[in-house]
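The values are calculated or read from the model by the stated rules, or taken from the named source; none is laboratory data. In this text the structure is predicted, and so the values were computed from the model without any measurement.
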Amino acid sequence: MHDRLFNEAEQAADKDAADNEDGDVVALPDTGFPATEGATGKKRGRKALPENLPRERVEYDLPDD
């Protein structure tokens, strides 16, 4: 069963490998979708606490059970 439904990427990679010796950049076929931007740069999560705040290390000794 050599017929594949989605083999466009393989065909593009085979063609580009023959055209491009280094193989670093592969040109993808046009899908008709708009180009997307990279990451927006907005970081998620909590900001780091200021260094001037006092810190206290608390260790708990838990039983094995």
Can you tell me which condition residue 11 does not meet? The list is (1) in a helix (DSSP H, G or I); (2) of a type in the set (S, T, N, Q); (3) modelled with pLDDT of 80 or more, and all the others hold.
(3)
Looking at the structure I just gave you, is residue 56 at negative phi, more than 31 Å from the chain's Cα centre (by Cα) and modelled with pLDDT of 70 or more?
yes
